[in-house]
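Participant: Sharing a structure below in structure tokens format, with a few things to ask.
The values are calculated or read from the model by the stated rules, or taken from the named source; none is laboratory data. Worth saying up front: this structure is predicted, and the values here are computed from it rather than measured. So basically every Cβ, Gly included, is an ideal-geometry build from the backbone, and we count neighbours across all protein chains shown.
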Amino acid sequence: MPKFASFFERLSSSQSFLLGALALLTGLATGAGVWLFKVLIELVHGAAYGVAAGWLALLVPAVGGLLVGLLAQYFIGDEKLHGTAGIMQAVALSGGRLRYQKAPVKTLAAILSIGAGASVGPEDPSVQIGANLGSMFGQLFHLSDDRLRTLVAAGAASAIAAAFNAPIAGVFFALEIVLGEIGGSALGMVLVAAVTSAVFTQAVSGSSPAFQTPAYSFKSAWELVLYLCLGLLAGPLAALYVRLLYVLQDFFHGWHFPISLKTAAAGLLVGLAGFLFPQALGVGYATIGEVLNKNDLAVGLLLALVLAKTFLTPLSLGGGFFGGVFAPSLFIGAALGGAFGGLAVGLFPGLGLAPPAFALVGMAAVLAGAVHAPLTAVILLFEMTNDYHIILPLMVAVAVSTLLSQVIQQDSVYALGLARHGIRLDRGRDVEVMGAITVGEAMQINTDVLPESMKLTEAAEMLARTRHHGLPVVDEDGLMCGIFSVQDLERPNCETVGEACTRAVEVAYPDESLNMALRRMSRRDVGRLPVVARSHPRQIIGVLRRADIIHAYDIALTRRVAQRHQEQALRLEALTPLRVEVSEVNVEEGSPAAGKAMKDIPFPQGCVIASVRRGGRVFVPRGDTALQAGDLLVVVAEGAERAAALALCRRPG
């Protein structure tokens, strides 16, 4: 017996065994949690619409919105980032530490939201269930930041595996979106968790995929052209969908009413829209299944559903309902693909096209365009069909949709939420200083140009007058045709700028980072780059010079300090108890705290000033530190003590 005891003691103390056990536990708990989540949604939905029939059904989303708003108002509080974006933020900036104590209330809010018919998806709340479970287990066992992040990603993978019965797609979702990189030591734990979750889901719900899809056969290479066209439609639609999500979020944020009234108002609008298009309410899986199998919906109705869902989901989420964007993206894609397939069959009857196949590919194309995760979209749809023949059309449409969506809308639906709070991530980590500034932010818009017909003597005078070492050269239509520098003045046998200028011009684009532009300048050893529009490569919209980059570097450093300050606040928020709030407070001119040393300011005993941001630096204050107007403080306090600390930093009256 002592030998066995010592064996198990050594086994339990092994870090690898512990991590594997926690990954397995996370997968099992997530699978069970997502299964229960789905069951409760069905119960709430059946109860709500079983009681309310006819015209009363229009009020169900409004009543549900009121209840969700009350939960948010009294139990959840104000959160800067919700759902997957919040998880990405925690993984990148606070070591994967999530406030898992709030997860049950958020899950209840999502159950009420989806059950009441709000146009939101269950996958995002499912991911929160898995990620919070992973974070909870990791924090309870005091794992390091890297391992805690991995366990959070394992929970997210488990959630997607349980939601779609697609473990491989879950793994790619965790690596591509949550962690931001594929490969590394995280892969093993993520795989264990995803497989465990999928096994549990299949044991309790069967091995069928999320959607039953008809067999697909690839008959002609001409089909790829049609799928490419579908991708060209899906990309802009996905970009519009992402934009609307934040436009309506800002719209409702501008309402100075209690959260519960905002959500109830959004629910009323959703209910009214649902009277016209009941298929657009809720998750919409039944409608997706109908498009994929029966294919008996008219093209006009499918196009109307595309528009309805594209608007109702931003309305629901902006109004305060809890849910995700994943399932609505699939709905929009299925309706778009079904309508496109119906039209294609009418135009090309000889190709033997199958509209459900276009619906299936449309699902992946819109999803990839919205979340900028093409691998996840392709693998997810492949797992749902188990049909290799669909891969070629999938890859064509997904690639085109993703590229086009990124051109129109640089950030994905998750990255845009982070960017609006000053957070830009690269491979799941905070980007380097110059990577956070775009060329468009640093360039000079009003720039001088030289006509190609100008004499060299005139060009020399203009360079001397403007104090530039080089300027773009334009033709008679005002389009760029070269770059002229002071060295070109010495070229022999040249009389005009057009003859002496350099025609092979290195350019920059307004949406790319300064890092990329700086590398290009160094490679060609030039001091300036014309900035042109991607759609019109000869249309000058500005010039980027070394001096502009130096100025932008100062801006980037200031942003970096602000972001480090924000990271510290996020870490404190993740580590403090729920009742304690972490706030950022500006010291106002004329406030009781302005101009006084910390020891002379009557901050409440239970209040902690964690850090001070002043100009370009962040520091921890001491007793003799004098606060100045404009300082930004990170205040850790609760209730009345927090209110008292805020009052000391604000101007009286």
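Participant: Within segment 36-82, which residues are among the basic types (Lys, Arg) and modelled with pLDDT of 80 or more?
Facilitator: LYS38
Participant: Residues being of a type in the set (A, V, I, L, M, F, W, C), in contact with a Lys or Arg (Cβ under 8 Å, 6 or more places away or on another chain) and more than 24 Å from GLY639 (Cα to Cα): count how many of those fall in segment 584-624.
Facilitator: Of the residues in that region, 1 qualify.
Participant: Also, quick follow-up: Being at pLDDT below 90 and more than 20 Å from GLY282 (Cα to Cα) narrows it down to one residue among ALA85, ALA23, ALA32; which is it?
Facilitator: Within the list ALA85, ALA23, ALA32, the selection yields ALA85.
Participant: Let me confirm something: among ALA174, ALA153, which residue is in contact (Cβ under 8 Å) with a residue 24 or more places away in the chain, not hydroxyl-bearing (Ser, Thr, Tyr) and not assigned by TED's automatic domain parsing to the domain that holds LEU381?
Facilitator: ALA153
Participant: Test ALA169 against the stated conditions and say whether it is within 30 Å of GLY352 (Cβ to Cβ) and either crowded, with 22+ Cβ neighbours inside 10 Å or out of contact with any Pro (no Cβ under 6 Å at 6 or more places or on another chain) (or both).
Facilitator: yes
Participant: Go through segment 593-619 and report how many residues are surrounded by fewer than 15 Cβ atoms within 10 Å (Cβ to Cβ), touching a residue at least 40 places away in the same chain (Cβ under 8 Å) and part of a strand (DSSP E or B).
Facilitator: So the count comes out to 1.
Participant: Which numbered condition trips up ARG651, out of (1) surrounded by fewer than 17 Cβ atoms within 10 Å (Cβ to Cβ); (2) assigned to a strand (DSSP E or B)?
Facilitator: The number of the failed condition is (2).
Participant: Something else now. If you go through segment 139-171 one residue at a time, how many are over 14 Å from VAL91 (Cβ atoms) and out of contact with any Gly (no Cβ under 6 Å at 6 or more places or on another chain)?
Facilitator: Residues in segment 139-171 being over 14 Å from VAL91 (Cβ atoms) and out of contact with any Gly (no Cβ under 6 Å at 6 or more places or on another chain): 12 in total.
Participant: Residues in segment 438-497 that are farther than 27 Å from GLU512 by Cα, touching a residue at least 12 places away in the same chain (Cβ under 8 Å) and among the hydrophobic types (A, V, I, L, M, F, W, C): how many?
Facilitator: Result for segment 438-497: 10.
Participant: Also, quick follow-up: Quick one: in segment 156-184, which of the residues that are in contact with a Lys or Arg (Cβ under 9 Å, 6 or more places away or on another chain) and farther than 20 Å from VAL39 by Cα is modelled with the highest pLDDT?
Facilitator: VAL178
Participant: Among the residues that make up segment 620-642, is at least one of them surrounded by 15 or more Cβ atoms within 10 Å (Cβ to Cβ) and out of contact with any strand residue (DSSP E or B) (no Cβ under 9 Å at 6 or more places or on another chain)?
Facilitator: yes
Participant: Then there's this: Does at least one position in segment 311-323 carry a residue that is in contact with an Asp or Glu (Cβ under 9 Å, 6 or more places away or on another chain), at negative phi, among the aliphatic types (A, V, I, L, M) and part of a helix (DSSP H, G or I)?
Facilitator: no
Participant: Next question. If you go through segment 467-497, how many residues are buried (at least 17 other Cβ atoms within 10 Å of the Cβ), at pLDDT 90 or above and either of a type in the set (Lys, Arg) or outside any strand (DSSP E or B) (or both)?
Facilitator: Here the count works out to 1.
Participant: Now for a different question. Counting just the residues of segment 119-142 that are surrounded by fewer than 22 Cβ atoms within 10 Å (Cβ to Cβ) and at negative phi, which one comes out modelled with the highest pLDDT?
Facilitator: MET136
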